[in-house]
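Report on the structure given below.
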Number of protein chains: 2
Amino acid sequence: MAEKVTIATVARHARVSRQTVSNVINAPHIVRPETRQRVQDAIVTLGYRANQAARQMRTGRSRLIAVRIEPTRDGINGSVLDRFLHGLTETAEASGYRVMLYTAADDEREITAYGDLLSTYDLDGFVITGTDHGDPRTAWLAEREIPFVTFGRPWDHPQAHSWVDVDGAAGTAEATGHLIAAGHRHVGFLGWPAGSGVGDDRRAGWRRALLGAGVDPDGLDTGTEDGIAEGARTTRELLGRATPPTALVCASDSLALGALQTLRGAGTTLPVIGFDDTPVAAAIGLSSVSQPLGDAAARCVDLLTDLLDGPHRDPRQVLLRPALVLRHLA
Amino acid sequence: MAEKVTIATVARHARVSRQTVSNVINAPHIVRPETRQRVQDAIVTLGYRANQAARQMRTGRSRLIAVRIEPTRDGINGSVLDRFLHGLTETAEASGYRVMLYTAADDEREITAYGDLLSTYDLDGFVITGTDHGDPRTAWLAEREIPFVTFGRPWDHPQAHSWVDVDGAAGTAEATGHLIAAGHRHVGFLGWPAGSGVGDDRRAGWRRALLGAGVDPDGLDTGTEDGIAEGARTTRELLGRATPPTALVCASDSLALGALQTLRGAGTTLPVIGFDDTPVAAAIGLSSVSQPLGDAAARCVDLLTDLLDGPHRDPRQVLLRPALVLRHLA
DNA sequence: TCCAGCAACTTGAACGATCCAATCCTGCCT
DNA sequence: AGGCAGGATTGGATCGTTCAAGTTGCTGGA
């Protein structure tokens, strides 16, 4: 068991003062090169590592970023958060930050959790996922000038704060375009009820692509809660309409799976494209729109560190393009 | 913006000394009840929260637990870690601990990461997932007497350290038993190559159940790497054998999915039971053996806090029973 | 020759909690 | 009333780092 190596140990070993060691670490340019070298050698020789707690106490900064880990809801989208978290951790490490997890039963309690995390851990910032219209969490944080980045746009005020998002409309538009290019005209849409930012966005892309091809989307649209059973039911309904679709674009892989169930039951085959490129889609060969989660996570960290390290930068926004992953079921 | 509330603020407000406030927090029983009440009132009134960094510097304990978040390998098992992490975070919070994430490209670098995490963050302990025969990581930690718990048994030395695991053999045995009870005798096994602790364990449960029913398992066993394609190929091979199986038990949902693909292609239907109860299984109606991940995570935290709070407890082990989840494909 | 000006480094103090040892109180016994 | 035991409370030191305010030594202009 090695003795504790502190900044004083390094200072003695390099025959300088503690402060000079601190300067070598935090402001190398103000130290004479040969002294700097001597200190750096001592740091390596002794295996010195700055104690985060002591640094934090003095500076008030923890180099810790908090992310909420939500209970897996329907299970199917669980791996999305998983991949996002991994990317976040990896990029944060590269910038000298660490990721801390917290849970909250609902948005209300999440705000309570903020206070706790901030006062006891001096957290530097938050990454918030899944924001929706008029989110109380972002308002709370903004009011207190606590740095945060959201993964997901604030639909009401596009420039309110820094965020990273994936252009869902571009994704569904590309999926729809692919089907149109394959000769389809009546491309149906399995979506969520109007009113959610994400859902409306994905629907908009599909509409745009159809209108661009001169097809009236109105009879081909549906809106239902997310879920396999809902997808199956809505597909049955859609197939019974006056002009049934010859292909389907869906707002989620869950809905797409439901559609496939109905189609198989009816003995029909139609191209179906899902959204999120979940493992389920990969496993059964369902084409899907894939979100660049690793990229998104990296950009979240970038934006957050900008807010933290830079002196009061303006909020920035990043919109990433998803990719259409084609598999044999399309 | 509120003034910073320190232990001194509380002490002034309650007209006692800092030490008394500290005692109310850390050793309430030695403070006179009425004084204790006065201090607690002051804490609530002022919204005081102990500064973790200062406490950590004095005590050397961070109340932080580290967990590695791995890059999602084949994607299909991603949600397993996800659910485990959520359980971990939730239980840790209840015990006053927080979960910090870290990544490592391989086991070698993971050990390097330990040193970094320990010296800069004063981490209290680790939760290690996916241990295998002669894991270098547990050896490293044990040598330095750093508290850790593994999710997964050390197959070589069952009592070497504290661990939590799920009884895979019991799971496959139950699955096999279910099929036997339904009238099957030739129940095949899609497993991994011999040599991995987890894989051998799952195979053993299947063998035990077959032998118990008086069936010779030898011609019904297979071993292949994990994956959908591998599962499909192995199933074809198995169906071509002298006594083909009339039902299948698999070591993973990936293998089970492969099996289903082959069966569908061959126009046959056989009951298939997977392992892990991934979202994919739930989505397509595949029966599967479900690991109680929330429980497992909670027990991990319990064991770890035992090691941390208690004075040198002996290592403890917890073996949890998985549950067979029956769906229409069984 | 003197001292302003600067670069390079050193010293003392502070962050907020806990630990330690010394002191103060209280009630009880003689 | 005085002494004493024992628990409650107090002040001071401490953890490792950074900030603020020195100190030293050197250069160069008048």
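The values are calculated or read from the model by the stated rules, or taken from the named source; none is laboratory data. The structure presented is a predicted model; accordingly, all values stated were derived computationally and were not measured. Cβ sites come from the backbone with ideal geometry, for glycine too, and all protein chains shown count toward neighbours. Surface areas here come from the heavy atoms of the whole protein model, side chains and all, with no ligands, DNA or RNA. Shrake-Rupley method; radii C 1.70, N 1.55, O 1.52, S 1.80 Å.
When B:Val187 is tested against (1) over 19 Å from B:Leu329 (Cα atoms); (2) open to solvent by less than 10 Å² (accessible area, probe 1.4 Å), only condition (1) is not met. Residue-level analysis places B:Thr246 among those that are within 16 Å of B:Thr222 (Cβ to Cβ) and surrounded by fewer than 24 Cβ atoms within 10 Å (Cβ to Cβ). Per the listing B:Val149, B:Val80, the residue uniquely out of contact with any strand residue (DSSP E or B) (no Cβ under 9 Å at 6 or more places or on another chain), of a type outside the set (Gly, Ala, Ser) and in contact (Cβ under 8 Å) with a residue 12 or more places away in the chain is B:Val80.
Restricting segment A:96-112 to residues that are at the interface with another protein chain (Cβ under 9 Å from one of its Cβ atoms) and in contact with a strand residue (DSSP E or B) (Cβ under 6 Å, 6 or more places away or on another chain) leaves a set whose member that is surrounded by the most Cβ atoms within 10 Å (Cβ to Cβ) is A:Val99.
Residues that are open to solvent by 10 Å² or more (accessible area, probe 1.4 Å) and not charged (D, E, K, R) within segment B:258-278 comprise B:Leu260, B:Gln261, B:Thr262, B:Gly265, B:Ala266, B:Gly267, B:Thr268, B:Thr269, B:Leu270, B:Pro271, listed in sequence order.
B:Val164 meets each of the listed conditions (1) in contact with a strand residue (DSSP E or B) (Cβ under 8 Å, 6 or more places away or on another chain); (2) β-branched (Val, Ile, Thr); (3) assigned to a helix (DSSP H, G or I) apart from (3).
Here A:Glu93 meets the list (1) more than 16 Å from DNA strand C (Cβ to nearest atom); (2) away from chain B (no Cβ under 14 Å) almost entirely, failing just condition (2). Screening segment B:217-330 for strands (runs of 3 or more DSSP E) wholly inside it with 3 or more residues that are among the charged types (D, E, K, R) and over 24 Å from B:Ala204 (Cβ atoms) returns no ranges.
Summed over segment A:9-55, the residues that are among the hydroxyl-bearing types (Ser, Thr, Tyr) and within 14 Å of another protein chain (Cβ to nearest Cβ) give a count of 2. Only one entry of A:Arg264, A:Arg316, A:Arg327 meets the criterion of being among the basic types (Lys, Arg), within 19 Å of the chain's Cα centre (by Cα) and at negative phi, and that entry is A:Arg316.
This table checks each residue for (1) within 16 Å of DNA strand D (Cβ to nearest atom); (2) outside any helix (DSSP H, G or I).
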{"position": "A:Val44", "(1), (2)": "yes, no"}
{"position": "A:Tyr48", "(1), (2)": "yes, yes"}
{"position": "A:Ala66", "(1), (2)": "no, yes"}
{"position": "A:Glu70", "(1), (2)": "no, yes"}
{"position": "A:Arg83", "(1), (2)": "no, no"}
{"position": "A:Glu108", "(1), (2)": "no, no"}
{"position": "A:Leu118", "(1), (2)": "no, no"}
{"position": "A:Trp140", "(1), (2)": "no, no"}
